[in-house]
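Student: I'd like to ask you about the structure that follows.
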Amino acid sequence: MYSRTNGDQTFTFDTSGGLLNASLVMMDNETDSHWSIITDEAIYGPAKGQRLEQVPGSIKTTFGDWKARHPKTWVLSVDGREHEEKSPYDSYFASDNGFRNTVAKDKRLADKESIFSFHYQGSAYAAPFKTFQKGGRAHTLVDGRQLFLYREKADSSYRSTVAFLAPEGAAFEGKKGKWRMTKGGETLATFDVSARSFGDAVAPFQGFDTFWYIWSLNNEGATILGK
């Protein structure tokens, strides 16, 4: 999720109907500029080159998980239809082919390798699911701070990767789901597997779950973590 505010201007966004290397492009109603959701920036129009700020927002999950946590959830329907028996995306996720046979130029990973991707201090990063989906993993970034990533092998593609950036001087320690965040030998928080959280000790870190071909085509030379 992105903040609508950039500097002293607030934007109202809408879909543009366009794609850039198989990733969605939105447009703002104020300047008619076009923005890539996968690079955080305006790629066309008066705002070209400006970047948006990611903010904590919604999570990607299954309805079953969501309803278990929020049993009184209301469901929006179309003409009374609340559920589709077959997802139109099933064939896409099951295939090795990219959207309209789009392929990656960067062959360090397979085209549809599932990754957690993000921008940090002006650089693009990608962490393949297979490097952290067996109980989590801590990665050290360029400035020495640690990023903790967690998902389970059985997780649906519709469930978000959990990510936390340690405060300066703190570190993540542990393995196989039993993790804690420490600083100076003191335990600041422990990881709750059921809630997939360190509580209020550290805020979730923002990024995207996507495929390598989409991320690499829009973020050339991205650093791959844990390969």
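Student: Do we have any residue at all in the stretch 67-83 that's within 30 Å of D8 (Cβ to Cβ), of a type outside the set (G, A, S) and not assigned by TED's automatic domain parsing to the domain that holds S123?
Tutor: No, every residue in the stretch 67-83 fails to be within 30 Å of D8 (Cβ to Cβ), of a type outside the set (G, A, S) and not assigned by TED's automatic domain parsing to the domain that holds S123.
Student: Let me ask you something else. With respect to K112, determine if the residue is within 30 Å of W66 (Cα to Cα) and surrounded by fewer than 17 Cβ atoms within 10 Å (Cβ to Cβ).
Tutor: When the stated conditions are applied, K112 does not pass them.
Student: Regarding K153, is this residue surrounded by fewer than 18 Cβ atoms within 10 Å (Cβ to Cβ), under 15 Å from F116 (Cβ atoms) and outside the structural domain of S36 (by TED's automatic domain parsing)?
Tutor: Criteria met by K153.
Student: Scanning the stretch 129-157 for residues that are of a type in the set (D, E) and assigned to a loop (DSSP other than H, G, I, E, B), which turns out nearest to W179 (Cα to Cα)? Outline the logic, then answer.
Tutor: Of all residues in the stretch 129-157, those of a type in the set (D, E) come to 143, 152, 155.
Keeping just the survivors that are assigned to a loop (DSSP other than H, G, I, E, B) gives 143, 155.
Details: D143: 22, D155: 19 Å.
My answer is D155.
Student: Which residue, of D96, D79, D143, is surrounded by fewer than 13 Cβ atoms within 10 Å (Cβ to Cβ) and within 22 Å of N218 (Cα to Cα)?
Tutor: Answer to the check: D96.
Student: Does I38 count as modelled with pLDDT under 90 and under 18 Å from the mean Cα position of the chain (by Cα)? It would help to see each step written out before you state the result.
Tutor: Details: modelled with pLDDT under 90: yes; under 18 Å from the mean Cα position of the chain (by Cα): yes.
Yes: the conditions hold for I38.
Student: How do the strands (runs of 3 or more DSSP E) wholly within the stretch 165-211 filter down when requiring 1 or more residues that are over 30 Å from Y92 (Cβ atoms): which remain? Can you show your working first?
Tutor: Numbers: elements: 171-175, 178-183, 186-190, 208-211.
Passing ranges, in order: 171-175, 178-183, 186-190.
Student: Can you tell me which residue is farthest from I37 (Cα to Cα) among those in the stretch 121-166 that are among the aromatic types (F, W, Y) and in contact with a Ser or Thr (Cβ under 9 Å, 6 or more places away or on another chain)? Please lay out each step first, then the result.
Tutor: Here is the first cut: in the stretch 121-166, the residues among the aromatic types (F, W, Y) are 125, 129, 132, 148, 150, 158, 164.
Among the residues that remain, those that are also in contact with a Ser or Thr (Cβ under 9 Å, 6 or more places away or on another chain) are: 125, 129, 132, 150, 158, 164.
Numbers: Y125: 15, F129: 21, F132: 25, Y150: 23, Y158: 18, F164: 21 Å.
So the residue we want is F132.
Student: If you don't mind, there's one more thing I want to ask. Please identify the pairs in which a residue from the stretch 19-43 that is closer than 17 Å to S3 by Cβ has its Cβ atom under 7 Å from the Cβ atom of a residue that is polar (S, T, N, Q) and part of a loop (DSSP other than H, G, I, E, B), counting only partners at least 6 apart or on another chain.
Tutor: Here the result reads M27/S33; D28/T12; N29/T12; E30/T12; T39/N219; E41/Q50; A42/S33; A42/Q50, each pair linking the stretch 19-43 to a residue that is polar (S, T, N, Q) and part of a loop (DSSP other than H, G, I, E, B).
Student: Answer yes if at least one residue in the stretch 216-227 is crowded, with 18+ Cβ neighbours inside 10 Å, closer than 30 Å to A22 by Cβ and under 14 Å from the mean Cα position of the chain (by Cα), and no otherwise.
Tutor: The answer is no, given that none of the residues of the stretch 216-227 is crowded, with 18+ Cβ neighbours inside 10 Å, closer than 30 Å to A22 by Cβ and under 14 Å from the mean Cα position of the chain (by Cα).
Student: Sort out which residues of the stretch 56-70 are modelled with pLDDT of 75 or more and among the β-branched types (V, I, T), and write them in order of number.
Tutor: T61, T62, listed by residue number.
Student: Further question on the same structure: Which pairs have Cβ atoms under 6 Å, sit 6 or more apart or on different chains, and link a residue in the stretch 175-199 that is at pLDDT 90 or above to one that is assigned to a strand (DSSP E or B) and of a type in the set (S, T, N, Q)?
Tutor: Qualifying pairs under 6 Å: R180/T187; R180/T190.
Student: Quick one: in the stretch 44-55, which of the residues that are of a type in the set (A, V, I, L, M, F, W, C) and crowded, with 16+ Cβ neighbours inside 10 Å is nearest to A163 (Cα to Cα)? Working first, answer last.
Tutor: We begin by selecting, within the stretch 44-55, every residue of a type in the set (A, V, I, L, M, F, W, C); these are 47, 52, 55.
The next check asks that each one be crowded, with 16+ Cβ neighbours inside 10 Å; those that pass are 47, 52.
Numbers: A47: 30, L52: 20 Å.
Residue satisfying both the conditions and the ranking: L52.
Student: Another question, then. If the requirement is being hydrophobic (A, V, I, L, M, F, W, C) and farther than 23 Å from S117 by Cα, which of these qualifies: W35, W66?
Tutor: Selected residue: W66, the only one of W35, W66 that is hydrophobic (A, V, I, L, M, F, W, C) and farther than 23 Å from S117 by Cα.
The values are calculated or read from the model by the stated rules, or taken from the named source; none is laboratory data. Here the structure is a predicted model, which means the values were calculated and not measured. Please note: Cβ atoms are built from the backbone with ideal geometry, for glycine as well, and neighbour counts cover all protein chains shown.
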